[in-house]
Amino acid sequence: MHAPTLALMIVLLLPSAQERPAPARTTIASLNWLAGDWAGTLGRSTIEERWTPAAGGAMLAVSRTVKDDRLAAFEYLRIVERDGGLVYIAQPNGRPLTEFVLTAITADSATFENPAHDFPKMIRYTRRPDGSLEARISGANGERPQAFIFTRQAKP
C-alpha cells in the first residue's frame with residue numbers, strides 16, 4: 001500500500017466545494033448601517049463594538065467586554081472588500097486572525113461564514129426595527145447559538 005502524497009492529503013483536508021459557502025457580491029457601502037458605537041449587556045458583562053464608517057473599501061472596529069469592572073476580552077475587527085464581496089476578519093485577544101466570507105446580505109443584515117473554523121462558523125449582524133443591533137454567532141448547523149443585542153450609543 002502506498003502512502004498518500006502530500007498533495008492528496010491537502011486536498012482531503014480542505015473543505016469541499018459543497019462545504020464552502022458561495023460568497024455574496026456587494027461593496028462595503030452596503031454595510032454603512034453598522035457604523036457607530038454600540039453597547040449591550042450579557043449577565044454582568046458589558047460588550048461594546050465601535051465600527052468606523054465605510055471608506056477605502058473597509059470598515060474597522062474594536063470590541064471590548066468588561067465584566068465586574070475588569071477587561072474580560074477584546075477584539076480587533078475589520079470588514080474588507082475582496083474579489084467582489086466582503087470578508088469579515090476577527091482577531092480576538094490579539095490572537096491570529098480568522099476570516100469569514102459574506103454569504104448573505106439584505107438591507108438590514110449580513111451573514112459571514114467560515115465552515116473550517118472551530119467556533120463560531122457563522123457571524124450575523126442584523127439591524128432590528130427598533131434601531132438596535134443583533135450580533136449572532138453559531139457553530140455548524142446553528143449549534144451553540146449566541147445572540148448579543150446592542151443599542152447605538154450617543155457620541156460623548
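Determine the shape class of region 16-80: with a ≥ b ≥ c the square roots of the Cα gyration tensor eigenvalues, call it rounded for a/c under 1.5, and otherwise prolate if a/b is greater than b/c, oblate otherwise. Present the calculation step by step, with values, prior to reporting the outcome.
Values: a/c = 2.87, a/b = 1.60, b/c = 1.79.
Judged from the Cα gyration tensor, region 16-80 comes out oblate (a/c at least 1.5, b/c at or above a/b).
Applying 0.36 nm per residue to the separation of T106 and A22 and subtracting their alpha-carbon distance, the gain on full extension is 28.7 nm. The helix-only estimate of mean residue ellipticity at 222 nm for the chain, built from DSSP H runs of length n ≥ 4 each weighted as -39500 (n - 2.57), is -1500 deg cm²/dmol after division by the residue total. Using θ = phi - 60° in the Karplus curve 6.51 cos²θ - 1.76 cosθ + 1.60, the 3J(HN,Hα) couplings for region 75-90 round to 7, 9, 10, 7, 10, 10, 6, 8, 6, x, x, 10, 10, 8, 10, 10 Hz; x is entered for Gly and Pro. Between P96, P21, P145, the Gaussian network model of the chain with springs among Cα atoms under 10 angstrom shows the greatest mean-square fluctuation at P96.
Of the residues A22, Q146, F100, the one whose Cα sits farthest toward the positive end of the charge dipole of the chain, with +1 on the Cβ of Lys and Arg and -1 on the Cβ of Asp and Glu, is Q146.
Between G36, G56, G85, the Gaussian network model of the chain with springs among Cα atoms under 10 angstrom shows the greatest mean-square fluctuation at G56.
No value in this document is a laboratory result; all are computed from the given coordinates. What you are looking at is a predicted structure, and each value in this text was computed from that prediction instead of being measured. Using ideal geometry, Cβ is built from the backbone for each residue, glycine included, and neighbour counts are taken over all protein chains shown.
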